[in-house]
Amino acid sequence: MSEAAAIPAVVSAVQAAVAVSPLIKMEGVSKTYDAGELAVQALRGIDLGIEQGQMVAIIGPSGSGKSTLMHILGCLDAPSAGRYRLEGKDVSSLSGFQLAAIRNQKVGFVFQTFNLLAKATLQRNVELPLLYAGLTGGERKERARQALARVGLEARAKHRPAELSGGQRQRAAIARAIVNQPSLILADEPTGNLDTKTGLEILDIFDSMHAKGETIVIVTHDPRIAERCERVVSIVDGQIEDDTLSRDGSSSGRLDTSRELWTGPAATARPHSPVGS
Ligand code: ADP
């Protein structure tokens, strides 16, 4: 084959490699909290692949390992065994310092309790991740302004969290999570402290972020959230019990919180193949 003829083949091989490489790839991830004889195995051999741009709900009963999984996904903690690759980089055995650096660059967190600094304005709260990233004052200000504008809070930049409603605080927390343009947004019960209407507004923001191609993983008990995610991963006793992708990648299915997750149009959807394979 001539050199010119070989180029399209090389390009499609690279495209194929990029296409199959998931943002997140966990293989045999286990986590044991070591309390001597009372050691607790919180995760048992998790195989999980998440593609760039997916919106995934992780559901399961209390104590099933959801928070532990989220801590590992967000590089807040390391697995006891198994391998976790984030954007192709093996982060399973990095030191706490190295994990913190990856976390700052790659992950944006949204928590149930917002976790905003009470004495700082929204502008300062949203700038904070950029401070750790070493941006100049001018760059930080502009990026924070843009992030606040994305969640409709530009006019509130000089307010402190106490001067805002719960929904506005959560929107500010989302602005802080996205300001660093992370590869992955992780949300832990993001509507847990909000009334139904405000919770739905927050879900609208996640939907619009998803539509723009952001990768979002939400740990939740809330069936309204799971209904709106294209994929639902169910954890029981530290293992993935069910992993369902709606057929067209939309949230067209109806959630039944008993064992059969998706009913209606999505009931025949193919289960998402584990480990992004
Ligand atoms: P979930 O988020 O689904 O409620 P968790 O991941 O918090 O579940 O907990 C899974 C299991 O691990 C539970 O049995 C819990 O008691 C245990 N666990 C969680 N964190 C710790 C810890 N720091 N030390 C010891 N056990 C823990």
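If only one of 177, 147 is assigned to a helix (DSSP H, G or I) and over 20 Å from residue 220 (Cα atoms), which one is it?
On inspection, the qualifying residue turns out to be 147.
If you check every pair at least six apart or on different chains, which have Cβ atoms under 7 Å apart with a residue in the range 148-173 that is under 24 Å from residue 210 (Cβ atoms) and without any contact (Cβ under 8 Å) to a residue 24 or more places away in the chain first and a residue that is surrounded by fewer than 19 Cβ atoms within 10 Å (Cβ to Cβ) and among the polar types (S, T, N, Q) second?
none
Report every pair of residues separated by at least 6 positions or lying on different chains whose Cβ atoms are under 7 Å apart, first residue within the range 51-69 and over 26 Å from residue 208 (Cβ atoms), second crowded, with 23+ Cβ neighbours inside 10 Å and among the acidic types (Asp, Glu).
Cβ pairs passing all conditions: none.
Determine whether residue 120 is out of contact with any strand residue (DSSP E or B) (no Cβ under 7 Å at 6 or more places or on another chain), at pLDDT below 95 and more than 16 Å from the ligand (Cβ to nearest atom).
Working: out of contact with any strand residue (DSSP E or B) (no Cβ under 7 Å at 6 or more places or on another chain): yes; at pLDDT below 95: no; more than 16 Å from the ligand (Cβ to nearest atom): yes.
No.
Go through (1) more than 21 Å from the chain's Cα centre (by Cα); (2) under 27 Å from residue 67 (Cβ atoms) for residue 129 and report which single condition fails.
Status for residue 129: all satisfied but (1).
What residue, among those in the range 216-261 that are at pLDDT below 90, of a type in the set (Lys, Arg) and in a loop (DSSP other than H, G, I, E, B), is farthest from residue 177 (Cα to Cα)?
259
Can you tell me how many residues in the range 43-67 are surrounded by fewer than 22 Cβ atoms within 10 Å (Cβ to Cβ), within 15 Å of the ligand (Cβ to nearest atom) and on the phi < 0 side of the Ramachandran plot?
5
Looking only at the range 69-88, which residues are within 11 Å of the ligand (Cβ to nearest atom) and either buried (at least 23 other Cβ atoms within 10 Å of the Cβ) or part of a strand (DSSP E or B) (or both)?
Within the range 69-88, 69, 72 qualify.
For the range 166-192: of the residues being among the polar types (S, T, N, Q) and surrounded by fewer than 24 Cβ atoms within 10 Å (Cβ to Cβ), which is farthest from residue 154 (Cα to Cα)?
So, considering only residues that are among the polar types (S, T, N, Q) and surrounded by fewer than 24 Cβ atoms within 10 Å (Cβ to Cβ), the one farthest from residue 154 (Cα to Cα) is 183.
The values are calculated or read from the model by the stated rules, or taken from the named source; none is laboratory data. These numbers come from a predicted model, not from an experiment. Backbone-built Cβ (ideal geometry, glycine too); neighbour counts: all protein chains shown.
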